[in-house]
Amino acid sequence: MTSNGKAQTLFEKVWDSHIVREQSEDTPAVLYIDLHLVHEVTSPQAFAMLRERGLTVRKPQQTIGTMDHSTPTTPRDAAGIIPVADAMAAKQLDTFSKNCADFGIPMYALGDEHQGIVHVIGPEKGLTQPGMTIVCGDSHTSTHGAFGALAFGIGTSEVGHVLASQTLLQNKPKTMAITIDGKLGAGVTAKDIILAVIARIGIGGGTGHVFEYRGEAIRGLSMEGRMTVCNMSIEGGARAGMVAPDDTTFDYIHGRAHAPKGADWDDALARWRQLPTDDGAAYDKEISIRADELLPMITYGTNPGMGMPITGAVPSPAEESDYNKRIALDKALAYMELAPGQELLGKAIDVVFIGSCTNSRISDLRQAAQFIAGRKVADSVRMMVVPGSQQVKKQAESEGLHEIFRAAGAEWREAGCSMCIAMNGDQLQPGEYAVSTSNRNFEGRQGKGGRTFLASPLTAAASAVAGVVADPRPLMAAQN
């Protein structure tokens, strides 16, 4: 609570504790940034600006770089090196390496044992902590909000501003509580929760707001599940997504490389326990969803809001009352070559992708491997499994997960963003259909002319085995 006894939300507590200068009618607030994550794609122009203006990085020790977007995920050569065949990608990686070296920024290069997707390595190294402000030149920075941090993506010019000043100009968002009560049924995962939320509110439903996910089902998720939910907050239009820290959070952080140690841990824990929303605090907007009513979800269109239960049918544009939504749906169905009323169950697919900053952590890979063990990927399907970091890859291999995937006929790759963004040779061919665990299904997102159905790792694995879009639940029942 504030000194005057006013109840505060989690977001308000983090925001207020980082204000350098209050927002006014004419100017945004100046917000202090605790952690700045950088990668090779959105940073070159920012570093060029620093050089042009003769500036240094204000807090290099609070800036961490990793190579992820343009990195190939193909196997290492005989010398243990991952070859970069794409000339533009190679230039980006070389430029990033030079920029980090010149400005004194710690960086995990391609092939480093700690390299990986920026939103995977932050949490796994203990860099992401409750109560922090975290930014990155990447839309899905909201992932880190799973720890009770205020984390959001920024543009290239803002990357330069944070590098130079460790602050950022920001207008204060509103708040929206999303309560998921009840227990998830068999085959329903964190990915299904967030796809259901976005299907309900639409891609603009959270515009101008920070989401706080609450309720029994959210508390029941692992930290990795919470990261999946927060990761896609931006797809619902939100500025960020947050989950209040609890013992699940603290247990995950404890002992990690950058976590507080000894007395500092005790002090941090005392601060973090004050972060959850106060009783009686008000939100600007609230919605509730019953977890026990959720089914496995899948998208059918060209934005993440075009989602439905996997047993559903594609909606008809004629039944959409909003003109703009009707036109968008009509255009999406034409691109996807789907018809109103069509079921997706049984729809033939070409590729299954398990990976991305949404679903490439060890629990995602375990879930998919457990399902696919003893089964075979359909002959008509190419299945790619891409761990989110070299550490995730190492852990998975120590558990033999890579052998399960390979025995089933799937490709086991090096860490990176891979097919999520199709910047590195991992992409769909025109006309191909994919079931993907990534976060966006925009036209051409996974390759020019490619068509993407977003789903959970379980649904993706089931579809790989079936060769068509498949509900994982019947196959799970048969497995048991």
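Using a 1.4 angstrom probe, figure out how much accessible area the chain has per residue, in square angstrom, rounded to the nearest whole. Please list the in-between numbers first.
Numbers: 18500 Å² over 480 residues.
Averaged over the residues of the chain, the accessible area is 39 Å².
Shape verdict for the stretch 108-180, please, from the Cα gyration tensor: rounded (a/c under 1.5), prolate (a/b greater than b/c) or oblate. Don't skip to the answer; put the middle values down first.
Values: a/c = 2.13, a/b = 1.21, b/c = 1.77.
The shape class here is oblate.
From the C-alpha coordinates alone, can you work out the Kirkwood hydrodynamic radius of the stretch 1-114, in Å?
17.2 Å
What's the long-distance tail for the stretch 430-480, i.e. % of Cα pairs beyond 13 Å? Please list the in-between numbers first.
Numbers: 717 of 1275 pairs.
That fraction is 56 percent.
With labels modelled as points extended 7 Å from the Cα through the Cβ direction, what inter-label distance (nm, one decimal) is found for R406 paired with S157?
So the two model labels end up 5.0 nm from each other.
Starting from the eigenvalues of the Cα gyration tensor, five times each then square-rooted, give me the equivalent ellipsoid semi-axes of the stretch 364-480, largest first, whole Å. Don't skip to the end; give the middle numbers.
Numbers: eigenvalues 95, 66, 26 Å².
Its equivalent ellipsoid spans semi-axes of 22, 18, 11 Å.
Which of these values of mean projected area of the Cα convex hull in nm² was calculated from the structure shown: [x] 31.1; [y] 23.6; [z] 22.3?
Correct label is [y].
Please sort 202-214, 43-55 by packing, taking for each peptide the average over its residues of neighbouring beta carbons within 10 angstrom, highest first.
Final packing ranking: 202-214, 43-55.
Starting from the Kirkwood radius over alpha-carbon pairs of the stretch 78-199, derive D by Stokes-Einstein at 37 °C in a medium of 0.692 mPa s and give it in µm² s⁻¹.
The calculation lands on 186 µm²/s.
Report the normalised scattering of the stretch 127-218 as log10 I(q)/I(0) at q = 0.19 Å⁻¹, calculated by the Debye formula with identical scatterers on the alpha carbons.
Results for the stretch 127-218 at q = 0.19 Å⁻¹ read -1.02.
Which percent, nearest 5, of DSSP beta bridges in the chain are antiparallel? Mind dumping the intermediate values first?
Numbers: 12 of 52 bridges.
Percentage antiparallel, nearest 5: 25.
Please report the Cα spread of the stretch 221-270 along all three principal axes, rounded to whole Å, starting with the longest.
Ordered largest first, the stretch 221-270 gives principal extents of 40, 19, 18 Å.
Rounded to a whole number, what % of the accessible area of the stretch 155-205 do carbon and sulfur atoms account for, probe 1.4 Å? Show your work: numbers first, answer last.
Details: 890 of 1670 Å².
Looking at the stretch 155-205 in its full context, I get 53 percent from C and S.
Roughly speaking, to the nearest percent, how much of the stretch 332-480's 1.4 Å accessible area is carbon and sulfur?
48 percent
Over the chain, what is the relative contact order in whole percent, taking alpha-carbon pairs under 8 Å and six or more residues apart? Intermediate results must be reported in sequence, preceding the final value.
Details: 1139 pairs, mean separation 80.2, N = 480.
In percent, rounded to a whole number, it is 17.
Once the Cα gyration tensor of the stretch 332-412 is diagonalised, what are the square roots of 5 times its eigenvalues, in whole Å and ordered largest first, as equivalent ellipsoid semi-axes?
Three semi-axes, in Å: 28, 15, 10.
So, with a 1.4 angstrom probe, what is the percent of accessible area on the stretch 27-125 that is carbon and sulfur?
57 percent
When the C-alpha atoms of the stretch 267-401 are aligned to their principal axes, what extent does each axis show, in angstrom, from largest down?
58, 51, 26
For the stretch 373-421, what does the alpha-carbon gyration tensor say about shape, rounded, prolate or oblate, given a ≥ b ≥ c as the root eigenvalues, a/c under 1.5 as rounded, and a/b over b/c as prolate?
Cα axes put the stretch 373-421 in the oblate bin.
Kindly point out which whole DSSP H helices in the chain project their C-alpha atoms 27 angstrom or further along the helix axis while averaging a Kyte-Doolittle hydropathy of -1.0 or above.
Answer set is empty.
222 nm [θ] for the chain, helices only, -39500 (n - 2.57) per DSSP H run of 4+, per residue, to 500? Write down the numbers at each step before the final one.
On the way: 16 runs with 154 residues, N = 480.
Estimated from H runs of four or more residues: -9500 deg cm²/dmol.
What residue among C100, A79, P317 has its Cα farthest toward the positive end of the dipole of the chain, where the charges are +1 on Lys, Arg and -1 on Asp, Glu, each on the Cβ?
A79
Order of 352-364, 104-116 by packing, highest average Cβ count within 10 Å first? Don't jump to the answer; show the numbers that get you there.
On the way: 352-364: 28.0, 104-116: 18.0.
Per-residue mean Cβ counts within 10 Å order the peptides as 352-364, 104-116.
Could you tell me the relative contact order of the stretch 161-298? Use alpha-carbon pairs under 8 Å, at least six residues apart, and round to a whole percent.
Details: 201 pairs, mean separation 52.3, N = 138.
Here the relative contact order equals 38 percent.
Let's see if you can work this out: charge +1 on each Lys and Arg Cβ, -1 on each Asp and Glu Cβ, no other charges. What is the dipole magnitude of the chain about its Cα centre, in debye to the nearest 20?
On the way: 44 positive and 54 negative charges, 54 e Å.
Result for the chain is approximately 260 debye, rounded to the nearest 20.
Which of the peptides 308-318, 119-129 is most tightly packed, and how do the rest follow, judged by the mean count of other Cβ atoms within 10 Å per residue?
Output ranking for 308-318, 119-129: 119-129, 308-318.
Which three numbers, in whole Å and largest first, are the semi-axes of the equivalent ellipsoid of the stretch 1-58 derived from its Cα gyration tensor as √(5λ)?
Whole-Å semi-axes of the equivalent ellipsoid: 33, 15, 10.
Given a Förster distance of 51 Å, report the FRET efficiency between D94 and A282 from their Cβ-Cβ distance, rounded to the nearest 0.05.
0.50
The values are calculated or read from the model by the stated rules, or taken from the named source; none is laboratory data. Every value quoted in this text rests on a predicted model; they were computed, and no experiment measured them. Cβ: placed from backbone, ideal geometry, glycine included. Neighbour counts: every protein chain shown. In case anyone asks, the SASA skips ligands and DNA or RNA and just uses the protein heavy atoms, side chains included. Shrake-Rupley method; radii C 1.70, N 1.55, O 1.52, S 1.80 Å.
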